[in-house]
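Undergrad: What follows is a structure written as structure tokens; I'll ask about it next.
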Amino acid sequence: MTTIASPASPYVPTRGRLARVLARNGAGYLFLLPWFIGFLGLTAGPALASLYLSFTDFDLLTSPRWIGAANYVRIATADPRFIASMQVTFVYVLLSVPLKLAFALLVAMALNRGMKGLPWYRAIFYLPSLLGTSVAIAVLWRQLFAGNGLVNSFLANFGIEGPSWISNPNYSLYTLVVLSVWQFGSPMIIFLAGLRQIPQDMYEAASLDGASKWRQFWKITLPLLTPVVFFNAVVQTIEAFKAFTPAFIISGGTGGPINSTLFYTLYLYQEAFGFFRMGYASALAWILLVIVALFTAFSFLTARYWVHYDD
């Protein structure tokens with residue numbers, strides 16, 4: 001009786017396959033190990049811990065007590081300061097982001113005209129963004145817009161009595177918007193790089209056809225710059241939602257006057273480290289994460305209708 005030899009099985013033991021993968025890519029995984037440790041220990045781990053804490057009553061002194069969705073129910077039904085912080089934050093985002101991007105694009109277009117000393121101008125205009133929203137900048141801004149600050153001293157030279165910009169709820173939020181617009185350097189550099197990629201022969205052809213500078217901007221510059229506009233808009237909006245230091249320093253950590261500078265992040269900080277309601281603050285943090293994720297998803301879904309890429 002003859003036996004038919006069965007073909008070699010393609011199955012490879014898992015241990016042997018894993019050993020070959022480690023032998024082939026072990027050095028790469030070893031170099032990535034610090035990143036994996038940082039990601040698990042400083043990002044993924046704390047995020048999952050905060051998700052659990054958002055369903056608990058936790059005051060940092062006693063063990064977390066599971067309360068289910070009570071924190072989220074309270075946020076949605078019985079927290080007027082949550083509504084106030086959302087209103088302040090959305091007004092800040094809707095004002096500061098478009099104004100910053102428009103001003104950054106305007107300066108980038110001016111620098112793109114080939115003026116002398118361009119590297120120096122780039123460095124000077126980028127300096128405020130390099131300093132960031134540091135405590136020192138926030139303190140300086142508070143001194144500028146105080147009742148007896150430099151802004152009112154300048155207005156007094158023209159016989160104008162300026163208000164106390166910081167302590168007046170009608171103006172306090174707008175001082176923070178001005179601070180955000182002043183730090184336009186980062187999007188300006190990106191806009192300038194995008195403008196340098198637009199072929200100059202397109203402008204020359206448009207000029208020969210009699211197109212004005214304004215028409216060239218709307219028909220050539222802006223359409224070809226939409227990928228850069230999209231990138232800057234997403235990044236700056238996320239940064240605006242995360243704004244914290246200016247409101248904390250200028251308002252003294254209270255979000256005043258009359259909650260006019262109560263940013264969402266500042267309210268979250270108050271709940272976590274002012275009232276030690278860490279579980280409630282974790283729920284607030286996850287709501288902010290969902291809001292930013294929804295905005296980002298909406299931006300990418302609508303980008304196909306107005307962002308134009310060169311093929």
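The values are calculated or read from the model by the stated rules, or taken from the named source; none is laboratory data. What you see is a predicted model, and the numbers here were worked out from it, not measured in a lab. Reconstructed Cβ throughout: ideal geometry from the backbone, glycine too, with neighbour counts over all protein chains shown.
Undergrad: Could you go through the stretch 92-108 and let me know if any residue there is more than 26 Å from residue 281 (Cβ to Cβ), aliphatic (A, V, I, L, M) and without any contact (Cβ under 8 Å) to a residue 24 or more places away in the chain.
TA: Looking for residues that are more than 26 Å from residue 281 (Cβ to Cβ), aliphatic (A, V, I, L, M) and without any contact (Cβ under 8 Å) to a residue 24 or more places away in the chain, one finds at least one in the stretch 92-108, hence yes.
Undergrad: Which condition number does residue 250 fail, the rest of (1) modelled with pLDDT of 90 or more; (2) surrounded by 21 or more Cβ atoms within 10 Å (Cβ to Cβ) being met?
TA: (1)
Undergrad: If a residue has to be closer than 24 Å to residue 298 by Cα and either in contact with a strand residue (DSSP E or B) (Cβ under 9 Å, 6 or more places away or on another chain) or in contact (Cβ under 8 Å) with a residue 40 or more places away in the chain (or both) to count, how many in the stretch 195-224 make the cut?
TA: Narrowing the stretch 195-224 to residues closer than 24 Å to residue 298 by Cα: 222-224.
Then keep just the ones that are either in contact with a strand residue (DSSP E or B) (Cβ under 9 Å, 6 or more places away or on another chain) or in contact (Cβ under 8 Å) with a residue 40 or more places away in the chain (or both); that gives 223-224.
Residues in the stretch 195-224 being closer than 24 Å to residue 298 by Cα and either in contact with a strand residue (DSSP E or B) (Cβ under 9 Å, 6 or more places away or on another chain) or in contact (Cβ under 8 Å) with a residue 40 or more places away in the chain (or both): 2 in total.
Undergrad: Right, next: Answer with yes or no whether residue 204 is buried (at least 17 other Cβ atoms within 10 Å of the Cβ) and charged (D, E, K, R). Before the answer, list the steps.
TA: On the way: buried (at least 17 other Cβ atoms within 10 Å of the Cβ): no; charged (D, E, K, R): yes.
Here the answer is no, as residue 204 does not meet what is asked.
Undergrad: For the stretch 68-81, does any single residue satisfy the condition of being out of contact with any helix residue (DSSP H, G or I) (no Cβ under 7 Å at 6 or more places or on another chain), at pLDDT below 85 and not in a helix (DSSP H, G or I)?
TA: Scanning the stretch 68-81, I find no residue that is out of contact with any helix residue (DSSP H, G or I) (no Cβ under 7 Å at 6 or more places or on another chain), at pLDDT below 85 and not in a helix (DSSP H, G or I), so the answer is no.
Undergrad: A follow-up question, please. Quick check on my filter: what residues within the stretch 269-290 are in contact (Cβ under 8 Å) with a residue 40 or more places away in the chain and in contact with a helix residue (DSSP H, G or I) (Cβ under 7 Å, 6 or more places away or on another chain)? Show your work before the answer.
TA: Quick first cut of the stretch 269-290, residues in contact (Cβ under 8 Å) with a residue 40 or more places away in the chain only: 276-280, 282-288.
Within the stretch 269-290, 277, 278, 279, 280, 282, 283, 284, 285, 286, 287, 288 meet the criteria.
Undergrad: Separate question: Tell me which residues, restricted to the stretch 105-125, are assigned to a helix (DSSP H, G or I) and farther than 15 Å from residue 196 by Cβ.
TA: We begin by selecting, within the stretch 105-125, every residue assigned to a helix (DSSP H, G or I); these are 105-111, 118-125.
106, 120, 123, 124, 125, listed by residue number.
Undergrad: Name the residue that is farthest from the chain's Cα centre (by Cα), counting only residues in the stretch 104-125 that are within 15 Å of residue 217 (Cα to Cα) and of a type outside the set (A, V, I, L, M).
TA: 113
Undergrad: Return the residues of the stretch 33-73 that are closer than 18 Å to residue 289 by Cβ and more than 27 Å from the chain's Cα centre (by Cα); say none if nothing qualifies.
TA: Those that are closer than 18 Å to residue 289 by Cβ and more than 27 Å from the chain's Cα centre (by Cα): 56, 69.
Undergrad: Further question: State yes or no: is residue 99 in a helix (DSSP H, G or I), under 30 Å from residue 253 (Cβ atoms), within 26 Å of the chain's Cα centre (by Cα) and modelled with pLDDT of 85 or more? Write out each step before concluding.
TA: Details: in a helix (DSSP H, G or I): yes; under 30 Å from residue 253 (Cβ atoms): yes; within 26 Å of the chain's Cα centre (by Cα): yes; modelled with pLDDT of 85 or more: yes.
Yes; evaluated as a whole, the condition is true for this residue.
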